[in-house]
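Read through the structure below, which is laid out as C-alpha cells, and then see the notes.
The values are calculated or read from the model by the stated rules, or taken from the named source; none is laboratory data. The shown structure was predicted, so the numbers you read here are calculated from the model rather than taken from an experiment. We place every Cβ from the backbone using ideal geometry, glycine too, and count neighbours over all the protein chains shown.
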Amino acid sequence: MSNGPTHQLTAAVIVGAVCIHAERDKQNKSARPIVGAVLAAKFTKLPDILEPAVHPNHRQFFHSVAFASLLGIAGYKIYKWSPDNPFDEAIRFALMVAIGAYGIHLLLDASTPKSLPLIGAF
C-alpha cells in the first residue's frame, strides 16, 4: 500500500538518482543529488496537502490524470527554459524537483486499487 513514508522514500531515491545521473560527466560534482532528494521527499507531500486523505474518496482534481497531464506540460516547458543567472537556475531546479516529486506521488497512487480519477472535482 502506498503511504506517506513510501511516497517520500520513493521520491527521494528516484530524484536523487536522476540528479546523480545528470552529473555523471561533470568534473565538479555538486550537492544537487542530496538537495534534490531532500526537496523531493518534502514536495511529494504536496498532493495530500492540497487534498488531505480524510476519506477513501479524497482523490479529486489534484490527484487526477488531467492534473498529471498539466504537470507534464509544465515540466516540459520548465525543462526547455534556459536560465541566465544562478538564481533562476536554482528556481528551475526546484520546480523540476517539485514536478517530479508530485508526479511520483501520483504514479504511486495510480498503482493502488482506488487509482486516480480522470478529472476529479474542482
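For region 1-55, residues that are surrounded by fewer than 19 Cβ atoms within 10 Å (Cβ to Cβ) and of a type in the set (Ser, Thr, Tyr) total 3.
The single condition from (1) surrounded by 18 or more Cβ atoms within 10 Å (Cβ to Cβ); (2) at pLDDT 95 or above that Arg59 fails is (2). I need the full set of residues from region 1-34 which are touching a residue at least 40 places away in the same chain (Cβ under 8 Å) and either in contact with a strand residue (DSSP E or B) (Cβ under 7 Å, 6 or more places away or on another chain) or not basic (Lys, Arg) (or both), in order please. Within region 1-34, Met1, Ser2, Gly4, Thr6, His7, Thr10, Ala11, Ile14, Val15, Val18 qualify.
For region 1-56, residues that are under 22 Å from Arg92 (Cβ atoms) and assigned to a loop (DSSP other than H, G, I, E, B) total 11.
In region 94-122, the residues that are surrounded by fewer than 18 Cβ atoms within 10 Å (Cβ to Cβ) and assigned to a loop (DSSP other than H, G, I, E, B) form Cβ pairs under 9 Å with partners that are among the aliphatic types (A, V, I, L, M) and at pLDDT below 95, at six or more places apart or across chains, as follows: Thr112/Met1.
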